[in-house]
Amino acid sequence: MEALIAFAATLVSLRLAAELLRRHRARRAPELAAWSASLAAFAVASGALAWGAAAGWSEAPFRVYYLFGGLLTAALLGAGSLLRVGVRWAAPGALLYCGLAAGVAAAAPLAAPVGGSEIPAAQEHLELFPARVLAIAGNSLGTLAAVGVALWTIRARPVGNALVLAGIAVAALGSALAGLGEAGSALFALAAALLLYAGFVARR
């Protein structure tokens, strides 16, 4: 059941990401491409949760989960918010960060083997530098950018930005709560993705 719920969350998040990409192709708005990538990262992270729940946790699903769930989602969300207000360097900056994050997630040595049926805790398997420091920086700066832009422009888009802020809060709550299991974590990620998508496409 844990794997099925996480897999369902993966499919819904992928559908939302694809819809944002379709809108990007129609409007050529760069922020939609970054936001689509952020929701796709939510989807892949949920897929890694389904993988771990179905087959047991090992190094491969852990690295996928850490890359897409721990390193990329918030950073890409923040990049999209910056692009929305005309900060054009956010696009090459996000591409550079994604390349660095992928390299670190793939190559960072594990401090302890990954196994068991519980979602692995990063602090038990990865050293502080570089993997966890990069995650802290990416999440902090991405969240700061997304929240800052939403608050700065909330008078112009009160509904959309309120939904974005709610999505950020739900994602943060899901990350902060321990012991949710794969299904619970995936459902929090899905709720965050739905709120963020609604905020991205809202007209006001």
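See the values below:
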read-out: Counted residues, the range 49-61 - those being open to solvent by less than 20 Å² (accessible area, probe 1.4 Å) and of a type in the set (A, V, I, L, M); value: 2
read-out: Pick from the range 109-130, criterion free of Cβ contacts under 8 Å to residues at least 24 places away in the same chain and in a loop (DSSP other than H, G, I, E, B), ranking: surrounded by the most Cβ atoms within 10 Å (Cβ to Cβ); value: Glu127
read-out: Candidates Leu165, Leu187, filtered to the one that is open to solvent by 40 Å² or more (accessible area, probe 1.4 Å), under 17 Å from Gly69 (Cα atoms) and assigned to a helix (DSSP H, G or I); value: Leu187
read-out: Matching option when the condition is open to solvent by 50 Å² or more (accessible area, probe 1.4 Å) and of a type in the set (Val, Ile, Thr), among Val104, Val64, Val133; value: Val133
read-out: Candidate set: the range 17-35, residues that are within 13 Å of the chain's Cα centre (by Cα) and open to solvent by 10 Å² or more (accessible area, probe 1.4 Å); chosen: the one nearest to Ala186 (Cα to Cα); value: Trp35
read-out: Odd one out for Ala74 among (1) under 23 Å from Ala121 (Cα atoms); (2) surrounded by fewer than 22 Cβ atoms within 10 Å (Cβ to Cβ); value: (2)
read-out: Residues of the range 163-204 that turn out to be more than 19 Å from Thr10 (Cα to Cα) and without any contact (Cβ under 8 Å) to a residue 12 or more places away in the chain, as a count; value: 5
read-out: Residue selected from the range 2-16 under the condition closer than 21 Å to Gly80 by Cβ and without any contact (Cβ under 8 Å) to a residue 60 or more places away in the chain, by the criterion least open to solvent (accessible area, probe 1.4 Å); value: Leu14
read-out: Of residues in the range 147-161 being aliphatic (A, V, I, L, M) and either closer than 14 Å to Ala193 by Cα or in a loop (DSSP other than H, G, I, E, B) (or both), the one nearest to the chain's Cα centre (by Cα); value: Ile154
read-out: From Trp89, Trp152, residue being touching a residue at least 24 places away in the same chain (Cβ under 8 Å), among the aromatic types (Phe, Trp, Tyr) and open to solvent by 40 Å² or more (accessible area, probe 1.4 Å); value: Trp152
read-out: Residue that is closer than 30 Å to Ala156 by Cα and at pLDDT 95 or above, where the choices are Gly86, Gly69; value: Gly86
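The values are calculated or read from the model by the stated rules, or taken from the named source; none is laboratory data. Here the structure is a predicted model, which means the values were calculated and not measured. When we count neighbours, we look across all protein chains shown, and the Cβ atoms used for this are built from the backbone with ideal geometry, even at glycine. These accessible areas exclude ligands, DNA and RNA; they are computed on the full protein's heavy atoms, side chains included. Shrake-Rupley method; radii C 1.70, N 1.55, O 1.52, S 1.80 Å.
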